[in-house]
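> Take this structure first; my questions come after.
The values are calculated or read from the model by the stated rules, or taken from the named source; none is laboratory data. As the structure is a prediction and not an experimental result, all values here were calculated from the model. In this analysis, Cβ positions are derived from the backbone assuming ideal geometry, glycine residues included, and neighbour counts consider all displayed protein chains. Calculation scope for accessible area: heavy atoms of the full protein, side chains included, ligands and nucleic acids excluded. Shrake-Rupley method; radii C 1.70, N 1.55, O 1.52, S 1.80 Å.
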Amino acid sequence: MKALPTIAAMYAMLSHSLGADPAKVVWAGVAFVRDTAYLPPRNTGEVRWSVNVEPSGELGARGETDLYLTLPHEQVHSLQNSLSDGAPRWFQEGQAEWAGLRVTNRLRPTLAAKKRQEDAAAYAGLPRRLASWGGVTVKREAILRQMTPEQRARQAVDSTYQPPGPWKFNPSDFVSDESATAARYGAALALFTELERARGSSQLVSWYRQLWSGPKLLTTDSLTASIQEFFGLDIGPRLR
């Protein structure tokens with residue numbers, strides 16, 4: 001298995017599709033392993049992905065998925081992290097699905113077609129709420145435990161009542177919205193596919209290049225405004 005040329009070509013395709021300078025991207029490490037339970041050693045904070053290989057050294061079905069489907073998607077996140085100061089989950093995953101599947105389609109079209117079908121089926125059947133995907137909120141019980149009996153009794157009869165606090169929280173008091181994950185992947189991919197159809201892939205790449213023009217935090221508000229200006233599309237309803 002000649003993996004290095006394949007991975008190099010993969011990264012070149014990702015960089016081209018996303019209007020990125022590959023010299024500025026810190027790609028995650030990749031380890032080829034035979035034991036699926038093996039965790040490759042890594043430095044603190046370093047991301048490293050595993051590709052499973054058979055005892056013969058060849059890729060099996062799992063290794064094909066690892067290398068040709070999972071890795072392109074995950075390396076888009078490496079690119080995003082290298083070229084921006086952060087972005088909302090819907091953008092991160094939608095762009096990773098869109099660009100990753102372009103690479104998969106070139107290298108393993110059957111895998112790409114299957115994943116697109118799965119995304120489309122999930123998108124059609126479940127709610128989306130893309131803007132809240134990955135949003136962190138405080139658990140209600142974390143506030144309730146700090147309220148006095150009188151405050152809890154008042155809130156029980158008046159749902160609009162909010163005690164003044166202050167509150168103290170620990171890491172376990174926060175929860176990320178990961179509901180309807182499969183549907184959200186499908187919805188995010190559909191959104192980026194719509195952007196491509198609106199002005200063509202070359203103009204979509206130009207928009208990406210504009211986003212990477214300087215390291216900055218990409219927010220739902222800034223991206224929504226940029227899409228409205230560049231593509232003439234109001235994506236607000238797709239995010240709610």
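> State whether one or more residues within segment 82-100 are over 25 Å from ASP221 (Cβ atoms) and in contact (Cβ under 8 Å) with a residue 40 or more places away in the chain. Even if it seems obvious, please write down each step before you answer.
Looking only at segment 82-100, we keep the residues that are over 25 Å from ASP221 (Cβ atoms), and these are 100.
Now restrict to residues that are in contact (Cβ under 8 Å) with a residue 40 or more places away in the chain: 100.
Yes, there is a match, as at least one residue in segment 82-100 is over 25 Å from ASP221 (Cβ atoms) and in contact (Cβ under 8 Å) with a residue 40 or more places away in the chain.
> Next question. Scanning segment 1-30 for residues that are small (Gly, Ala, Ser), outside any helix (DSSP H, G or I) and at pLDDT below 95, which turns out nearest to the chain's Cα centre (by Cα)?
First, pick out the residues of segment 1-30 that are small (Gly, Ala, Ser): 3, 8-9, 12, 15, 17, 19-20, 23, 28-29.
Now drop any that are not outside any helix (DSSP H, G or I), which leaves 19-20, 28-29.
Those left that are additionally at pLDDT below 95: 28-29.
Working: ALA28: 15, GLY29: 18 Å.
The selected residue is ALA28.
> Can I ask one more? Give the residue that is most open to solvent (accessible area, probe 1.4 Å), with candidates limited to residues of segment 65-106 that are in contact with a Ser or Thr (Cβ under 6 Å, 6 or more places away or on another chain) and within 25 Å of ARG129 (Cβ to Cβ).
Checking each candidate, the answer is PRO88.
> Considering only segment 119-131, I want to know if a residue exists there that is over 26 Å from ALA3 (Cβ atoms), among the basic types (Lys, Arg), in contact with a helix residue (DSSP H, G or I) (Cβ under 6 Å, 6 or more places away or on another chain) and open to solvent by 20 Å² or more (accessible area, probe 1.4 Å). If you could, list the steps in order and put the result at the bottom.
Filtering segment 119-131 down to residues over 26 Å from ALA3 (Cβ atoms) leaves 119-131.
From the residues that got through so far, the ones that are among the basic types (Lys, Arg) too are 128-129.
Filter once more, so that each one left must be in contact with a helix residue (DSSP H, G or I) (Cβ under 6 Å, 6 or more places away or on another chain): 128.
Filter once more, keeping what is open to solvent by 20 Å² or more (accessible area, probe 1.4 Å): 128.
Checked against the condition, which is being over 26 Å from ALA3 (Cβ atoms), among the basic types (Lys, Arg), in contact with a helix residue (DSSP H, G or I) (Cβ under 6 Å, 6 or more places away or on another chain) and open to solvent by 20 Å² or more (accessible area, probe 1.4 Å), segment 119-131 yields at least one hit.
> Would you tally the residues in segment 34-78 being at pLDDT below 90 and β-branched (Val, Ile, Thr)?
Matching residues across segment 34-78 total 3.
> When the residues of segment 214-240 are narrowed to those that are among the basic types (Lys, Arg) and surrounded by 11 or more Cβ atoms within 10 Å (Cβ to Cβ), which ends up farthest from GLU93 (Cα to Cα)? Before you say what the answer is, go through the steps one by one.
From segment 214-240, those among the basic types (Lys, Arg) are 216, 238, 240; that's our starting set.
Subset that is surrounded by 11 or more Cβ atoms within 10 Å (Cβ to Cβ): 216, 238.
Values: LYS216: 18, ARG238: 15 Å.
Among those residues, the one meeting the criterion is LYS216.
> Only residues in segment 26-37 that are basic (Lys, Arg) count as the first member; pair them with residues that are part of a strand (DSSP E or B), Cβ under 9 angstrom, at least 6 apart or cross-chain, and list the lot.
ARG34/ASN52
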